[in-house]
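The values are calculated or read from the model by the stated rules, or taken from the named source; none is laboratory data. Please read these numbers as outputs of a predicted model, since none were measured by experiment. With ideal geometry, Cβ positions are generated from the backbone for all residues, glycine too; neighbour counts draw on all protein chains shown. Areas reflect the complete protein model, heavy atoms only, side chains present, ligands, DNA and RNA absent. Shrake-Rupley method; radii C 1.70, N 1.55, O 1.52, S 1.80 Å.
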Amino acid sequence: MVDPVPADRLYRRCDPAALGFATTEELADLDRVIGQDRAMAALDFGTGIRHDGYNLFCLGPSGLGRHTLTLHLLERKGRGAPVPPDWCYIHNFDRPHEPRSLRLPAGRGAALRDAMNALIDELQAAIRATLESEGFRRRRETIEEAAKKRGEEAFSALQEEAEGRGVGLVRTPVGMIIAPIRDGRPMEPDAFHALPEEEQATTRAAIEELQGKLEAILREIPRWSREARREMEALVRDSVGFAVGQLVEDAGRPFADLPAVLAHLDAVRADVIENVSASLEAGETGGEAPAVGVALMRERGGRDDLGPALDRYRVNLLVDNADTRGAPVVTEDHPTYENLIGRAEHVQRMGVLSTDFTLIKPGALHRANGGYLVLDARRVLMQPFAWEALKRALRARQIRLESLGQMVGLIATVSLEPEPIPLDVRIVLVGERALYYLLAEYDPDFQDLFKVPVDFAEEMGRADASVGDFARLVATLARRESLRPLDAGAVARIVEHAARVAEDAEKLSLHRRALTDLLREADYWTGQAGAAAIGADHVQQALDTGIHRADRVRERIQEMIRRGTIMIDTTGAAVGRINGLAVSRLGAFSFARPSRITARTRLGSGKVVDIEREAETGGPLHSKGVLILQGFLAARYALDKPLALGASLVFEQSYGGVDGDSASSAELYALLSALADAPIRQGVAVTGSVNQQGEVQAIGGVNEKIEGFFDVCAAGGLTGDQGVMIPATNLPHLMLRADVVEAVRAGRFAVWAVRTIDEGIALLTGLPAGERVADGAFPEGTINRRVDDRLAAFAEAARAFARPPREVGREEGAS
């Protein structure tokens, strides 16, 4: 018979005296990561190797501090790395819709931007002053007067010649003509026709000749105007070019070591001169100089007093690393397509949306370029086009800004095609393990781009050194949260709780979020009690109140069991009936409830019917467990006879579905009880899976399962005959509640650990299981003998039913 597990093995205490401190004020902050050696080594490798594709994926359940630990290591790595360059976008004078990218040493981008802004202001003033200067005005007037004089002289000469020949140059509404003149006035037609024919002929000949000369002069006037404009352009180029050239030269002096900047400034100088000349050419030649200023400096949506002609000389500083120390570490909490790649904003101009290079905004890839970008994998995958855009940038090693609206054809606006920016970044994705394995399986690009898995552990070993490090972690978290110090008893209780959360007495949970929440809540109850330091009772109060907030459903189920709505017996014995244990998880709260499992047997074809599977309420793992039972029965009892068994198994009052194989041993016990007609103790609940050799295997949630049945028994009164039977391999996982441990110590409750089905059925029925003797039979009075005899009877009955009727009648006559 299996003995109960001693109370001392049900809970592994942490001795406060062994911690070596009175309060956590005596402990220094933890200066290293504990329990994550594998993850830290992977992070170190992934951030150190320089080849393409070695981006990282930090995998593990949430709450482990993956983001915090990853950021901490990346920031430490980044401090010793070189600062990445600044990146700007500037106007492309050859192809304005393709802005050029400009790479500058860190901190020089802001200097160039400010220098160009100052240059624009100075250009505006210098151009205005030049065009309004007395010298420029005189030279311009000289050109204009020369052009005007040239025309006037031609017309004067023509007028003198006409007057000598009795005709004159007359201005009419339709233009200038040659007409006969008398007394200084054009002659009326009637008067002209009254002249002698000879005089009329002479006058007509003079008019025709002089009209030809007039037309020749009129044809020359556009040429003279063009020559005047060219002279004016030359004047503007010389005048403005001198002023602008000096300003541009002064602006470029701090950037003499940057050829790309100097080349851009040369293009700016040429474009300024070209713009001023074009503005003058577009205006009236004889207009005032401010007309040029209006062309160059008209209002632009109220933004400033500089128009497009000067805005194009601005510098769009996309990435400014002037204050960056080492490689940047960037986290993007909302990784949309545009937040990753960047975007070009639009403004409304004359009813049309348009854009230019000054409206380009950076994305997270721009800000992290030369460093590290940390992203939540699930959030990236949830954003349309973001995942593909990220992979495309990593494959091409460049950031190419493309309008999402244009990509999907939603809008038609003025488009930009900015020059791509080279990309040198290490991407760190953070996500669940299932997400990592799904991407590795179904995304063909994933393994090429994310070669370094960083697997965070949920727990660490519970050695003495580990407990000391864990205590320092507790002290560090408390100080970071500005909480009260903890005394040794409180830390010891947290260590014990961490082992309980890890579901292993020999390990400690590394779930930092849950640990931090526990410290905050314990600090709250400490404040309510008016204590100076957090004690073990405050930690326990935080745990108890946390459970109370979440256990309404558990209390409701316990109430239904007490009232008999859910039928669970905790006393007496019954054939083919056993109490199994199942764990329910509601959010972060887990609890167990007993379930009545029943088995019925009959003559059949050797099939064990899983009613849950037939009703489609059982999962595949549960169905697998039932098939294993069938294999066990056939291997043990049907070596020399057919297994003529028909059996059915069901979880009574189960309406939410069943999965998992942790009840397979309980189902097998119920089957053996039904076959052997041996009652099972109802005060003993069972958990554990079984294999085809009859070995009982470990399961999860063992602590919750024991405590769930204990609560049911305690509600009806503990008798001393009640308890839970668990797999022996689950013994290291036991970290039971104090009331359960005390009940076991007092002999009012028990926990048994079994290794085989034979040990379990003997404990449940009070009868020995029995082993085959030399003749292959089981001993009389054993469970196995009863089962074997029942199955032999089923086999014989099956044979009898299978005989032909004539053969049966012959045997009866012979008798």
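For this structure, a couple of remarks:
- Label zone at ASP3 (point 7 Å along Cα-to-Cβ), backbone N below 13 Å, segment 726-761: 753
- Protection proxy ranking for 678-691, 2-15, using the average of other Cβ atoms within 10 Å per residue and placing the highest first: 678-691, 2-15.
- Where ASP86, ASP775, ASP448 fall by accessible area, highest first, once all protein chains stay in place (1.4 Å): ASP775, ASP448, ASP86
- For GLY604, the residues 5 or more places off, or on other chains, whose built amide H falls under 5 Å of its own are LEU645, GLY646.
- Stretched out straight at 0.36 nm per residue, the stretch from GLN692 to SER62 would grow longer than its current Cα-Cα span by 223.1 nm.
- FRET efficiency for ARG230 and ASP271, using Cβ-Cβ distance with R0 set to 30 Å, rounded to 0.05: 0.90
- Taking label points 7 Å from Cα along the Cα-to-Cβ direction, ARG182 and ALA256 give a separation of 8.3 nm.
- Cβ-derived FRET efficiency at R0 45 Å, LEU218 paired with GLN246, nearest 0.05: 0.55
- Taking the Cα centre of segment 1-158 as origin and assigning +1 to Lys and Arg Cβ atoms and -1 to Asp and Glu Cβ atoms, the resulting dipole is close to 500 debye.
- Using just its DSSP H runs of length 4 or more, each adding -39500 (n - 2.57), the chain gives a mean residue ellipticity at 222 nm of -15500 deg cm²/dmol after division by all residues.
- Two-decimal log10 I(q)/I(0) for the chain, as the Debye equation yields it once each C-alpha is a single scatterer, q = 0.05, 0.08, 0.10, 0.11 Å⁻¹: -0.54, -0.92, -1.12, -1.21
- Of VAL650, VAL272, the residue with the largest accessible area leads and the full order is VAL650, VAL272 (1.4 Å probe).
- In the context of the full set of protein chains, residues of the chain present 48 Å² of accessible surface per residue (probe radius 1.4 Å, heavy atoms only).
- Segment 6-138: translational diffusion in µm²/s, Stokes-Einstein, Kirkwood Rh over Cα pairs, 4 °C, 1.567 mPa s: 58
- Carbon plus sulfur fraction of accessible area for segment 672-815, probe 1.4 Å, in percent: 51
- Note on segment 701-784: with charges restricted to the Cβ of Lys and Arg (+1) and Asp and Glu (-1), its dipole about the Cα centre is near 200 debye.
- Between the exposed loop cleavage positions of the chain, defined as GluC sites (Glu not before Pro) in a non-H, G, I, E, B DSSP state with at most 15 neighbouring beta-carbon atoms within 10 angstrom, the longest gap is 1-283.
- Heavy-atom accessible surface of segment 89-208: percent carbon and sulfur, 1.4 Å: 50
- Within segment 556-650: Cβ-based charge dipole about Cα centre, in debye rounded to nearest 20 (Lys, Arg +1; Asp, Glu -1): 180
- Tail weight of P(r) past 24 Å, computed on alpha-carbon pairs of segment 387-494, percent: 59
- Of the DSSP H helices in the chain, those whose Cα atoms cover at least 27 Å axially and whose Kyte score averages -0.5 or more: 108-132, 259-282, 783-802
- In this structure, ASP537 and SER354 have a Cβ-Cβ separation that, at R0 = 51 Å, corresponds to a calculated FRET efficiency of about 0.15.
- The chymotrypsin sites (Phe, Trp or Tyr not before Pro) of segment 119-209 include none that DSSP puts in a loop with a beta carbon having at most 13 other beta carbons within 10 Å.
- Checking the cross-link pairs LYS507/LYS607; LYS361/LYS391; LYS624/LYS705; LYS451/LYS705; LYS451/LYS624; LYS391/LYS507 against a 31 Å limit on the alpha carbon distance flags LYS507/LYS607; LYS451/LYS705; LYS451/LYS624; LYS391/LYS507 as lying beyond it.
- Placing dummy labels 7 Å off each Cα toward the beta-carbon, the span from ARG38 to GLU417 is 4.9 nm.
- When MET40, MET382, MET725 are compared by accessible surface with a 1.4 Å probe, the order from highest to lowest is MET382, MET40, MET725.
- Loop trypsin sites (Lys or Arg not before Pro), segment 494-601, which have at most 13 other Cβ atoms in a 10 Å radius of their Cβ (DSSP): ARG563
- Within-14-Å neighbourhood charge of ARG556 [Cβ basis; K, R +1; D, E -1]: +1
- Stretching ALA118 away from ASP640 to a fully extended chain increases their span by 177.7 nm, per 0.36 nm per residue minus the current alpha-carbon distance.
- Taking 0.36 nm per residue of separation and subtracting the Cα-Cα distance, full extension of the segment from HIS97 to GLU614 would add 179.4 nm.
- Accessible carbon and sulfur surface of segment 424-561 relative to its total accessible area, %, 1.4 Å: 50
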